[in-house]
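Student: Here it is, the structure in full.
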Amino acid sequence: MASASAWWGNAALRASLFHTTVFAPMAVSSVYLAIWLSEKGIQPDQIGIVGAAPVAGLLLLNLVVGRLADRAKDWRTVIVAMALLAGAFPVALFFVSDFWSIVLVWALCAMSSGLIPPVVDAATMRLVQRTGGDFGSIRAWGTVGYVISASSVGLAVMAFGTAAFVPLFFAISLLRALMSLQLPRFRAPDPLPTLAALNPAPAKLSAALKPWFVLPLLGFALINAGHGVLGSFAALLWHQHGVPDYFIGPLVATSALAEAVMMFLWQRFGKRVTARNMILAACIASLVRFSGMAMDPPVAVLFALQTLHAISYGVGYFGVVHFIANWTGEDIAAEAQGFATMLQQATLVVTLAGFGWLVAHIGVVSYLSISALSVLGIGCVLLSLRLRPPRDAT
C-alpha cells in the first residue's frame, strides 16, 4: 500500500507513464499508413490530402482547445477528453475503403490525437517548473514509446501484412486513452514566475505576438513541416526505392531513439543554450538531413541522417517549448503552445499537399523543397535575434 501510495503521489512518474503513449499511435501511422493507403489504391497526391485534411482541421481547433484548457480548473480535463475521443474514433477505420471515407475518418482520428500534445506540453512544463523536475526526462518517455511502437508495428506487419495496421493503431490509441485516466493534476495553486513576469506577462495571447516572438516559432514550423513529410511519405519512398521492408521500422525508430537519448541527457547541457539558438541549430540540422535524403543515399547513410532527428526535431522542439514557457504566464500557457502548434500545422498542411504532387513527379528529389524551408527557418531565427538580441531574452 505504501509503494502504491508513493507512486500515486509522484506526479512526474504518472506524467511520464502517460507520455509513453502520447506519440505511440503516430509511430504506427508513420511506419505504415502510407503503405496501407497505397495498397488500397490511394495515389501519392491523394495520400498528401489524407495527411493534410486533419491538419487543416487542427488549425481551427488548437487555439480554441488551448483556451478551454487554460480556463479549466486543470489542463488534465481536456487532455483526458481528447485521449478518450482519440481512442474511440479508430474503430471506424475497420469499415472504410474508399478515398473520401478514409479522409473523413482519418481526419477525426488525427485531429483528436493532435490536440493532445500542445496541452500536455504546456501542462508538463508548468508541472516541472512548480515541482523542480526535469521536462526533458518526462518528455523523453514519449519518444521511448514512439520507438517501441515503431519497432513493434514493423515486426507485426512483417508477420501479418499491412492488414495489421488498423488493429495496431486502434489498440495503441485505446491504451493511450486508458493511461490518460491516471494523470495527475498539473496546475500550480499560484501563478508561476517566468521571464515574462519581468515585463509583466501578457494576459492575452495577442499581446505576446510581437514579431521577435513569432519569428522563431515560424522558423521551427517550417522545418517541422519536413518532419511531417517524413511521417507521411518516407516509408513509401524508401519502399519504392528498394529499401527492404525490415529496415523501414528500424529507420523510423532510429530517429526517435536519437531524440530520446538527447532528451534524457538534456539537463546536463541544455541550460547552456538559449531557446532561439536551439531552434537555429534545429534548422541547420534539418538543412543537412533533407539535402542528404534528396540524394537517395544507401541504407547506412539513411540511418546516419535519421540520427540528426535528435537536433532537427528534438532540440528545436525543446527550444519552442522553453521559449514559450519563458515568455508567457499560466493564464495563456496552453493557448500560446496551441498558437505555435497552429503555425506548425499551417505550414504542414500546405507542405503535405504540395509534397504529394512533387513525389508523383520527381520522387525522392522532392526533399530539396524541405531543404529550402530549412533555409527560410534559419532566416526567421536570425531576424528574431536581430530584433531582440539574446542579452534581452532567451
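None of the figures in this text is laboratory data; all of them are computed from the coordinates on show. Every value quoted in this text rests on a predicted model; they were computed, and no experiment measured them. Neighbour counts run over all protein chains shown; Cβ positions are idealised from the backbone, glycine included.
Student: Given the chain, what whole percent of its Cα pairs are spread farther than 40 Å? Spell out each step's value before the answer.
Tutor: Working: 7900 of 77421 pairs.
Of the Cα pairs, 10 percent sit more than 40 Å apart.
Student: Have a look at ALA310, SER366, ALA353 and report the one farthest towards the positive end of the charge dipole of the chain, computed about the Cα centre with Cβ charges (Lys/Arg +1, Asp/Glu -1).
Tutor: The one lying farthest along the dipole's positive direction is ALA310.
Student: Rounding to the nearest 20 debye, state how big the charge dipole of the chain is about its Cα centre with +1 on each Lys and Arg Cβ and -1 on each Asp and Glu Cβ. Don't skip to the answer; put the middle values down first.
Tutor: Numbers: 22 positive and 15 negative charges, 228 e Å.
That gives the chain a dipole magnitude of about 1100 debye.
Student: Applying 1/(1 + (r/R0)^6) with R0 = 35 Å to the Cβ-Cβ distance of PHE160 and VAL299, what FRET efficiency is obtained, to the nearest 0.05?
Tutor: Working: r = 24 Å, r/R0 = 0.69.
According to the calculation, E is roughly 0.90.
Student: Related question: Can you give me the distance in nm between label points at ALA171 and THR131, each placed 7 Å from the Cα along the Cα-to-Cβ direction?
Tutor: If labels sit at ALA171 and THR131, their model points lie 3.0 nm apart.
Student: So, one more: Along the charge dipole of region 13-387, pointing to its positive end and built from +1/-1 on Cβ of Lys, Arg, Asp and Glu, which listed residue (TYR246, PRO118, SER97) has its Cα farthest out?
Tutor: Most positive-ward Cα: PRO118.
Student: Something else: With only Lys, Arg, Asp and Glu charged, each at its Cβ (+1 for the first two, -1 for the last two), find how big the charge dipole of region 1-116 is about the Cα centre; round to the nearest 20 debye. The partial results should precede the final answer.
Tutor: Values: 6 positive and 5 negative charges, 93 e Å.
In total the dipole reaches around 440 debye.
Student: Can you sort TRP212, TRP357 by how many other beta carbons sit within 10 Å, fewest first?
Tutor: Working: TRP212 17, TRP357 13.
Ranking TRP212, TRP357 by Cβ neighbours within 10 Å, fewest first, gives TRP357, TRP212.
Student: Subtract the Cα-Cα distance of SER291 and LEU376 from 0.36 nm times their separation in residues, and report this length gain in nm to one decimal. Please report the intermediate quantities before stating the final value.
Tutor: On the way: separation 85, 0.36 × 85 = 30.60 nm, distance 1.43 nm.
So the chain would gain 29.2 nm between SER291 and LEU376.
Student: Stretch ARG71-LYS40 to full length: gain in nm at 0.36 nm per residue minus the Cα-Cα span? Provide the component values of the computation, followed by the final result.
Tutor: Details: separation 31, 0.36 × 31 = 11.16 nm, distance 4.30 nm.
Residue separation times 0.36 nm, minus the Cα-Cα distance, leaves 6.9 nm.
Student: Now a separate question. Using the Karplus curve 6.51 cos²θ - 1.76 cosθ + 1.60 with θ = phi - 60°, work out ³J(HN,Hα) for each residue of region 31-37 in order, rounded to whole Hz, and write x for Gly and Pro.
Tutor: After applying 6.51 cos²θ - 1.76 cosθ + 1.60, I find 6, 9, 4, 4, 5, 4, 5 Hz.
Student: Same structure again: Going toward the positive end of the dipole of region 13-387, with +1 on Lys and Arg Cβ and -1 on Asp and Glu Cβ, which of GLN46, VAL144, GLY66 do you reach last?
Tutor: Sorting the options by dipole projection puts first GLY66.
Student: Using the alpha-carbon centroid of each, what span in Å lies between region 230-291 and region 68-136?
Tutor: Cα centroid to Cα centroid, the span is 23 Å.
Student: I've got another one for you. What's the exposure ranking of PHE170, PHE220, going from fewest to most Cβ atoms within 10 Å? Numbers along the way, then the final one.
Tutor: Numbers: PHE170 21, PHE220 29.
The fewest-first ordering by Cβ neighbours comes to PHE170, PHE220.
Student: Could you line up VAL144, VAL350 from fewest to most neighbouring Cβ atoms inside 10 Å?
Tutor: Working: VAL144 20, VAL350 14.
Fewest-to-most Cβ neighbours within 10 Å comes out as VAL350, VAL144.
Student: Express in nm, to one decimal, how much length is gained between LEU178 and ASP98 on full extension, taking 0.36 nm for each residue of separation and deducting their alpha carbon distance.
Tutor: Details: separation 80, 0.36 × 80 = 28.80 nm, distance 3.05 nm.
Separation in residues times 0.36 nm, less the Cα-Cα distance, equals 25.7 nm.
Student: Convert each backbone phi in region 38-52 into a coupling constant with the Karplus relation 6.51 cos²θ - 1.76 cosθ + 1.60 (shift: θ = phi - 60°), then list the ³J(HN,Hα) values in order as whole Hz, x for Gly and Pro.
Tutor: Going residue by residue, I get 4, 5, 8, x, 7, 7, x, 5, 6, 4, x, 5, 4, x, 7 Hz, with x marking Gly and Pro.
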